[in-house]
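Taking it in order: structure first as structure tokens, then the write-up.
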Amino acid sequence: MQKEFLLEILSEEIPSRFQRDALSNASTVFTKILNDYCTKFSSVSTYISSRRLTVVVKYLIKKFDNVPEEKRGPKVSAPERSIEGFLNANGKQRDDLIVRNGYYYLQVETHSDDIEDLIPLFIRDFILKMPWPKSMRWYISSQKMLSAFWVRPIRSILCIYDDGPVNAFIESVGLTTCDYTYGHRFLAPDPIKVSDFEDYENKLKENYVLIDYRKKMSFIDRELLQRVAAIGLHLSNDDELLEESTGLVEYPFVHVGTIDTEFMKLPAPVLSTAMKVHQKYFSVEYPELILAPFFGTVTNVPGTDVMYEGMNRVLKARLSDAMFFYKADIDVTLEAFAQRLSNIVFHEKLGSMAQKVDRMMSIANSKDEHRAVALCKADLLSQLVGEFPELQGTMGGIYAKIQDESANVATAIREHYKPTGANDVLPDSFTGSRISFFDKLDTLVGFLGMGITPSGSKDPFALRRSALCIIRLLCDSEFNVLEEDNLSWYVTTLINAFSDQGVALYPDTLENVHKFLISRLKIYMTDKLMINQEVMESVISSFDSVDFSYKDAVAKSKKLSKSLARAGFGTIKEALKRTLGIIGKETPENFDENIDFLDSHMKNLKNHIEVCQNIHDESEFFSSIVRISEIVLETCENVLINDPDPDLRDKNASLLCRFVKLVQDNIGIV
């Protein structure tokens, strides 16, 4: 395609964890730059590998060129010097003036720079505006100055437009653009001259560089699965490791290795974590999902005997360390570890980890809960967790099982860190859900109570994440983590527990915790559940107390959002509003099913409500409520609901209350 623009910024190795986000960020930033300079283009594509970030723009041209534009000048009554100044500034004569609506106008031609003149500005702005989680500067010796910020030092900038090279000096990094790039650092390090993107992609592939991140990830995944399947095994699913491995290599070479059988005595989480964290190895399983003595890995160069020998030697050393730590840990009881929790500082203002456990004890109920709380942080003192922090909780559960703790307690210890975020799984057990709730709520109460709150994008203690996890435990869990108490009771009890330990929290801590949780609930409902903000606000504001049911609020919001999109919703809303205006918002919970009505309107309404309550099809049920709402509006026009006769008035109100409850319970209108 003509007018194609190709930019490659070649640097030192880009951290793997930065690469996926860089793809979308680069596209967004470069698109904005092109729009800011009033260019026209058909598409912006981005590519990334371990050493290069590439941008390709299709059909990039000037948006306009010498297009006439009308410019308004001074009023007709303005002083002569103002009119002359307007003419001189635009290079026009008095005969060029146009009079309209009491003002002078001129036809002027706008000027558009050539794309070739703008390209250096594109590159300059892109380097300055491209966001990275962490970036750095380096010394440019030729200019005796520090460079602009980039993720890693830039070594080369390839730039081609309309099949020809663009030579521009980019002062901020001290480099002149060129029409060549470099292949694989070790397998093909020589310069490669290219003419367009197709030529660029093909020649890089010939020189052992795959620039398409997603294709490279798919290739690695497919090759690993095939290699492992060839020996009758399965690859353990690990998207995080797959993404990291993709970012580490320019061209992937896939290998399968073996593990010494002596190390298969290690618990599966220890074995897989040791391989993943230190070696970036994928775990392999038997069809029965039992860990097999094999591993998969990806390297940036082809395998050799020396490489395989080195892999085995390093893996053996790592697993030997893990085995040593594991054997040392199982000789110590969890209770012995727990007794040393006072040596671990939770936070300088909130005391030790032992004090945190004591506070959690104050809101625990059952025997299993007290036991799980007492031991849930004990594995922090173990050597394995010291080496692999990812295993905290997991090792506590394993050690608890070895030491004959009940299955419920061991499971709760293992699960109590879950969920760790918006996409993590919830605990599978009631006790695990409760301990997780205690842990996260104690953290939230403590930090908010000391006035330590997130500011802007900064949240060093992950309080927003803790609040989101509490919301998920309250709303998504199949268990009622609050049991018979309300949320305020738990917060107040924790505040008192802090006070007993000599930590005085702010007087408005209870209110601040509720506000913080509700703010995260709103974000959870809008971002995760895609609930209309107006719907969410109306449902939450309908609760009189801060101690409303978070799960009910979510359920009602979902129902209301769904109902809003259906035909007849307006009729239901109008009927409910009319009804509440007559009988008031306080509706009784129990209704006499045996009330008989003489009035035909009331009798018809009762019959339709009774029929509706037995409909199970969702669409038919909604249509039935729409029809009932029409009958309610008709009844209110023809029947005196608040009859002078108190018995008849109560009967009428009772039936309308049944309608109100039917709508509020099933449609979500509050």
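The values are calculated or read from the model by the stated rules, or taken from the named source; none is laboratory data. All values reported here derive from a predicted model rather than from experimental measurement. We place every Cβ from the backbone using ideal geometry, glycine too, and count neighbours over all the protein chains shown.
Values computed for the structure shown
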read-out: Positions within segment 229-253 being in contact with a strand residue (DSSP E or B) (Cβ under 8 Å, 6 or more places away or on another chain) and assigned to a loop (DSSP other than H, G, I, E, B), in sequence order; value: ILE231, LEU233, SER236, ASP238, VAL249, PRO252
read-out: Members of segment 427-447 that are touching a Leu at 6+ places or on another chain (Cβ under 7 Å) and not β-branched (Val, Ile, Thr); value: SER433, SER436, PHE437, LEU441, ASP442, LEU444, GLY446, PHE447
read-out: Scope segment 171-192; condition closer than 18 Å to ARG51 by Cβ and either outside the structural domain of THR46 (by TED's automatic domain parsing) or not in a loop (DSSP other than H, G, I, E, B) (or both); matching residues; value: LEU175, CYS178, TYR180, THR181, TYR182, PRO191, ILE192
read-out: Qualifying positions in segment 420-441 - more than 17 Å from VAL357 (Cα to Cα) and either buried (at least 23 other Cβ atoms within 10 Å of the Cβ) or aliphatic (A, V, I, L, M) (or both); value: ALA422, VAL425, LEU426, PRO427
read-out: Evaluation of ARG137 against (1) touching a residue at least 24 places away in the same chain (Cβ under 8 Å); (2) on the phi < 0 side of the Ramachandran plot (one fails), failing number; value: (1)
read-out: Failed criterion for ILE127 (all others in (1) loosely packed, with under 12 Cβ neighbours inside 10 Å; (2) at pLDDT 95 or above hold); value: (1)
read-out: Complete set of residues in segment 336-351 that are closer than 13 Å to ALA378 by Cα and either of a type in the set (Gly, Ala, Ser) or in contact (Cβ under 8 Å) with a residue 60 or more places away in the chain (or both); value: ALA336, ALA338, SER342
read-out: ILE615 in the same structural domain as GLY570 (by TED's automatic domain parsing), free of Cβ contacts under 8 Å to residues at least 60 places away in the same chain, farther than 12 Å from THR579 by Cα and part of a loop (DSSP other than H, G, I, E, B); value: yes
read-out: Residue in segment 633-656 that is within 24 Å of ASP552 (Cβ to Cβ), surrounded by 14 or more Cβ atoms within 10 Å (Cβ to Cβ) and at pLDDT 85 or above present; value: yes
read-out: Residue tally, condition surrounded by 13 or more Cβ atoms within 10 Å (Cβ to Cβ) and over 25 Å from HIS278 (Cβ atoms), over segment 219-250; value: 0
read-out: Residue in segment 328-348 that is basic (Lys, Arg) and either crowded, with 20+ Cβ neighbours inside 10 Å or outside the structural domain of GLY432 (by TED's automatic domain parsing) (or both) present; value: no
read-out: Criterion (within 29 Å of ARG520 (Cβ to Cβ) and either at pLDDT below 75 or not in a loop (DSSP other than H, G, I, E, B) (or both)) met by exactly one of LYS559, LYS577; value: LYS559
read-out: Pairs with Cβ under 9 Å, 6+ apart, first in segment 321-335 and touching a residue at least 60 places away in the same chain (Cβ under 8 Å), second surrounded by fewer than 13 Cβ atoms within 10 Å (Cβ to Cβ); value: MET323/GLU262; MET323/LYS265; TYR326/LYS265
read-out: Test result for ALA400, within 13 Å of ALA374 (Cα to Cα) and either touching a residue at least 60 places away in the same chain (Cβ under 8 Å) or over 23 Å from the mean Cα position of the chain (by Cα) (or both); value: yes
read-out: Residue list for segment 6-64, filter: more than 17 Å from PRO153 (Cα to Cα), part of a strand (DSSP E or B), of a type in the set (A, V, I, L, M, F, W, C) and at pLDDT 95 or above; value: LEU6, VAL44, VAL55, VAL56, VAL57
read-out: Residues of segment 453-479 classified as out of contact with any helix residue (DSSP H, G or I) (no Cβ under 8 Å at 6 or more places or on another chain) and of a type outside the set (Asp, Glu), total; value: 7
read-out: In segment 500-518, the residues that are of a type outside the set (Lys, Arg) and out of contact with any helix residue (DSSP H, G or I) (no Cβ under 8 Å at 6 or more places or on another chain); value: ASP500, GLY502, PRO507, ASP508, GLU511
read-out: Any hit, segment 19-37, residues being farther than 30 Å from ILE192 by Cβ and either touching a Leu at 6+ places or on another chain (Cβ under 9 Å) or not assigned by TED's automatic domain parsing to the domain that holds VAL151 (or both); value: no
read-out: Some residue of segment 362-372 being basic (Lys, Arg) and touching a residue at least 24 places away in the same chain (Cβ under 8 Å); value: yes
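Residue by residue, here is whether (1) more than 24 Å from THR394 (Cβ to Cβ); (2) in contact with a Phe, Trp or Tyr (Cβ under 6 Å, 6 or more places away or on another chain); (3) of a type in the set (Phe, Trp, Tyr) holds:
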| position | (1), (2), (3) |
| --- | --- |
| SER429 | no, no, no |
| GLY432 | no, no, no |
| SER436 | no, no, no |
| LYS440 | no, no, no |
| GLY449 | yes, yes, no |
| ILE452 | yes, no, no |
| GLY456 | yes, no, no |
| ASP459 | yes, no, no |
| SER466 | no, no, no |
